[in-house]
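The values are calculated or read from the model by the stated rules, or taken from the named source; none is laboratory data. These numbers were taken from a predicted model, which means no experiment stands behind them. When we count neighbours, we look across all protein chains shown, and the Cβ atoms used for this are built from the backbone with ideal geometry, even at glycine. Note: accessible area is taken over every heavy atom of the protein model, side chains too, but ligands, DNA and RNA are not part of it. Shrake-Rupley method; radii C 1.70, N 1.55, O 1.52, S 1.80 Å.
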Amino acid sequence: MNGMITEIERFALNDGPGIRTVVFFKGCNMNCAWCHNPETIRPSRELHYYAAKCIGCYKCVYACPSKAHKRINNEHRYFPNLCIKCGKCAEVCYANAMAVSGTKVSVEDVMNEIRQDKAYYENSGGGVTLSGGEILCQLEFAEALTDACHEESIPVGLETNLNFPWEKISPLIGKADLIMCDLKLDDTEEHKRWTGTGNEQIKENIRKLSESGKAFLVRTPLIPGATDSDENIRQISGFLAGVVQGSGFLYYELLNFNPLGDTKYQSLRKANPFANAKPLPRERVLELKELAGEAGITVRTE
Ligand code: SF4
Ligand code: SF4
């Protein structure tokens, strides 16, 4: 069983309890305007070009089979429309100006990485988190990885948008030790405007998750001008209060805007609508936390 991933991050502390290894799947069925991992949205391989890192060594010009790199007037030029994504330029670019996102890996390849930190998971109450992108876009691979981790007694958390039919995803959800899902906007039209899809299925799945008794938490990224209104946070916390009573719900978490994705957008030549946006001031995050808490649910911030 193979899957397409962008990265395996070891010693992660923000993607579930304890010390974790996070496997980032490539491919997503939503298209959030503020995504800080834009390289995980498309399911296929992509090439990043970090122009500021280029030292003009021209090794890529000789390595590229499709002449996508050229030396013109003693300057390096990259022509992405000619690229066939073979990755040869990234292999010879010691300045890391060229980088590939998207590696085909087997379950065993990933397990070889995961096993290295088993002692850390045991000592910290951590484990593995499957993230993305959207893990449900590679459902069989996610299930196979979850099974492989469990065979070695390694807990598995899933970060997912839950935007799939419940019948399809419930076997995987049932296997996981923890579900971390987002509800970004309460209003479905606004959700569609900012992410490309409505939120009816997500809300329905949060209801089903509550009924299942599975341990889960819900997050809202605080995106300036998109998700950070009093009204949105009040409505989401009200919705959660209405459905999570007596379930395995752990807490509602507000995540401040992460502006670190902009260089990735530039390297992929993608427009970034939030290039100039800044994280919310701490006082505003705390204000929203208090407001959400009025619904009577446990609320956390970073
Ligand atoms: S190999 Fe890298 S550093 Fe050298 S010219 Fe190509 S992109 Fe620039
Ligand atoms: S990935 Fe391959 S085809 Fe694309 S620019 Fe690099 S060497 Fe050329």
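Residue check, L13 against (1) away from ligand 1 (no atom under 16 Å from the Cβ); (2) open to solvent by 60 Å² or more (accessible area, probe 1.4 Å); (3) in contact (Cβ under 8 Å) with a residue 12 or more places away in the chain, all met but one. Which one?
(3)
May I ask you to list the residues in segment 59-98 that are among the hydrophobic types (A, V, I, L, M, F, W, C) and near ligand 1 (Cβ under 10 Å from one of its atoms)?
If the condition is that a residue be among the hydrophobic types (A, V, I, L, M, F, W, C) and near ligand 1 (Cβ under 10 Å from one of its atoms), then C60, V61, A63, C64, C89, A90, V92, C93, A95, A97, M98 are the ones that fit.
Could you tell me which residue of segment 53-66 is farthest from ligand 2 (Cβ to nearest atom), considering only residues that are open to solvent by less than 60 Å² (accessible area, probe 1.4 Å) and under 16 Å from A95 (Cβ atoms)?
Among them, the one singled out is G56.
Name the single residue, out of those in segment 170-188 being without any contact (Cβ under 8 Å) to a residue 60 or more places away in the chain and out of contact with any Ser or Thr (no Cβ under 8 Å at 6 or more places or on another chain), that is surrounded by the most Cβ atoms within 10 Å (Cβ to Cβ).
Applying the filter and picking the extreme gives D186.
What residue, among those in segment 21-47 that are open to solvent by less than 30 Å² (accessible area, probe 1.4 Å) and small (G, A, S), is modelled with the lowest pLDDT?
Per the stated criteria, the residue is A33.
Of the conditions (1) of a type outside the set (A, V, I, L, M, F, W, C); (2) within 14 Å of ligand 1 (Cβ to nearest atom); (3) buried (at least 19 other Cβ atoms within 10 Å of the Cβ), Y50 fails just one. Which one is it?
(3)
Of the conditions (1) farther than 26 Å from L162 by Cβ; (2) in contact (Cβ under 8 Å) with a residue 24 or more places away in the chain; (3) not in a strand (DSSP E or B), G27 clears all except one; give me its number.
(1)
Pick from segment 67-78 the residues that are surrounded by 13 or more Cβ atoms within 10 Å (Cβ to Cβ) and near ligand 2 (Cβ under 10 Å from one of its atoms): which of them is nearest to the chain's Cα centre (by Cα)?
Here the residue is Y78.
Taking strands (runs of 3 or more DSSP E) that do not extend beyond segment 93-159, which have at least 2 residues that are modelled with pLDDT of 95 or more and crowded, with 21+ Cβ neighbours inside 10 Å?
Correct list: 98-101, 127-131.
Conditions (1) touching a strand residue (DSSP E or B) at 6+ places or on another chain (Cβ under 9 Å); (2) small (G, A, S); (3) closer than 22 Å to R219 by Cα, marked per residue:
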residue: G3; (1), (2), (3): yes, yes, no
residue: T6; (1), (2), (3): yes, no, no
residue: P17; (1), (2), (3): yes, no, yes
residue: G27; (1), (2), (3): yes, yes, yes
residue: N31; (1), (2), (3): no, no, yes
residue: R42; (1), (2), (3): yes, no, no
residue: R45; (1), (2), (3): yes, no, no
residue: H48; (1), (2), (3): yes, no, no
residue: C54; (1), (2), (3): yes, no, no
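With segment 166-259 as the region, which strands (runs of 3 or more DSSP E) entirely inside it contain at least 2 residues that are assigned by TED's automatic domain parsing to the domain that holds V128 and in contact with a Gly (Cβ under 8 Å, 6 or more places away or on another chain)?
Where strands (runs of 3 or more DSSP E) fall fully within segment 166-259 and carry at least 2 residues being assigned by TED's automatic domain parsing to the domain that holds V128 and in contact with a Gly (Cβ under 8 Å, 6 or more places away or on another chain), they are 178-182.
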